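Below is one structure, written out as structure tokens; the observations come after it.
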Amino acid sequence: IKYRVFNKNLKRIRNRLSSYANRLRLYLYGVEFGRNCVIHGKLYIKLFPSAKVSIGDDFYCSSGWNVNALCTNRRGAFYATENAEIRIGNNVGMSSPVLWAHKGVIIGDNVKIGANSILIDTDSHSLDYRMRRSPSTDGGKTMPIVVEDDVLIGANCIILKGGRIGARSVVGAGSVVTRDVPPDTVVAGNPAVVIKNLDIR
């Protein structure tokens with residue numbers, strides 16, 4: 001029992017220190033963040049000089065360190081290239097996410113993103129093999145991602161370029177979103193399709 005209490009207290013101290021360190025890193029990168037910004041664990045951050053990242057109030061993110069058992073030791077990442085934008089609203093929670101923006105990843109208020117999910121707004125590499133042969137260009141198409149208010153994204157989902165997830169919708173665990181999701185629906189699968197309409201407003 002003493003060991004469990006000691007281990008619990010040690011994790012609590014580690015999480016608090018990591019949250020301070022992560023807020024300092026956000027500040028040094030020029031990220032705007034609101035009240036109660038908490039990031040437990042070690043988050044990978046790579047922002048190009050002209051990229052813009054903003055985070056609203058009451059943000060929570062766990063990243064690796066077994067903070068969330070579903071993520072085990074996997075680290076999350078915020079990655080934004082030149083002139084790209086990552087914008088996160090108020091009261092958003094996520095666990096070991098990858099937010100990869102070449103143009104924009106916009107997340108509304110009261111959104112929850114499950115463990116190990118990836119939001120990437122670019123193909124990264126062209127479908128044309130001739131473009132992929134060149135080491136200097138990727139040629140991948142890019143379109144912003146928008147996640148509207150009150151969306152729930154399950155664990156291990158992939159949200160691809162150009163997707164707009166409508167307000168109050170639910171994306172089932174392990175889904176791959178390749179197109180717009182209507183508001184007030186449940187989608188699941190690869191590619192994700194509507195499996196249920198929600199009427200709980």
Count of segment 70-79 residues which are outside any loop (DSSP other than H, G, I, E, B) and either crowded, with 21+ Cβ neighbours inside 10 Å or in contact with a His (Cβ under 8 Å, 6 or more places away or on another chain) (or both) | 1
Which residue, of ASP109, ASP199, is within 21 Å of PHE59 (Cβ to Cβ) and in a loop (DSSP other than H, G, I, E, B)?
-> ASP109
If you go through segment 87-98 one residue at a time, how many are crowded, with 24+ Cβ neighbours inside 10 Å and outside any loop (DSSP other than H, G, I, E, B)?
-> 3
Residue count, segment 48-69, condition surrounded by 16 or more Cβ atoms within 10 Å (Cβ to Cβ) and either part of a loop (DSSP other than H, G, I, E, B) or at pLDDT 95 or above (or both), comes to 12
All positions within segment 185-194 that are assigned to a loop (DSSP other than H, G, I, E, B) and either among the basic types (Lys, Arg) or crowded, with 17+ Cβ neighbours inside 10 Å (or both) = none
Matching residues in segment 112-130 - criterion: being within 21 Å of ILE153 (Cα to Cα) and either of a type in the set (Ser, Thr, Tyr) or in a strand (DSSP E or B) (or both) = LYS112, ILE113, SER117, ILE118, LEU119, ILE120, THR122
Restricting segment 131-164 to residues that are without any contact (Cβ under 8 Å) to a residue 40 or more places away in the chain and closer than 18 Å to VAL187 by Cβ, the residue that is surrounded by the most Cβ atoms within 10 Å (Cβ to Cβ) | GLY163
Looking at GLY172, is it out of contact with any Leu (no Cβ under 9 Å at 6 or more places or on another chain) and at positive phi?
-> no
The one condition GLU82 fails out of (1) within 26 Å of LEU160 (Cα to Cα); (2) surrounded by 14 or more Cβ atoms within 10 Å (Cβ to Cβ) is (2)
So, first residue at positive phi in segment 183-200, second residue modelled with pLDDT under 95, Cβ within less than 6 Å, six or more apart or across chains; the pairs are ASP184/LEU198
Members of segment 113-130 that are within 23 Å of GLU82 (Cβ to Cβ) and either crowded, with 16+ Cβ neighbours inside 10 Å or at pLDDT 85 or above (or both) = ILE118, LEU119, ILE120, ASP121, THR122, ASP123, SER126
Mind checking whether some residue in segment 136-158 is in contact with a Lys or Arg (Cβ under 9 Å, 6 or more places away or on another chain), of a type in the set (Val, Ile, Thr) and part of a loop (DSSP other than H, G, I, E, B)?
-> yes
Tally time: how many residues in segment 7-47 are on the phi > 0 side of the Ramachandran plot and crowded, with 18+ Cβ neighbours inside 10 Å?
-> 1
Number of positions in segment 51-86 that are farther than 23 Å from ASP109 by Cα, among the hydroxyl-bearing types (Ser, Thr, Tyr) and in contact with a strand residue (DSSP E or B) (Cβ under 9 Å, 6 or more places away or on another chain) | 1
Considering (1) closer than 20 Å to LEU70 by Cβ; (2) free of Cβ contacts under 8 Å to residues at least 40 places away in the same chain; (3) crowded, with 20+ Cβ neighbours inside 10 Å, say which one GLY172 fails and leave the rest.
-> (3)
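The values are calculated or read from the model by the stated rules, or taken from the named source; none is laboratory data. Values in this document were obtained by computation on a predicted structure and should not be read as measured data. Virtual Cβ from ideal backbone geometry, glycine too; neighbours counted across all protein chains shown.
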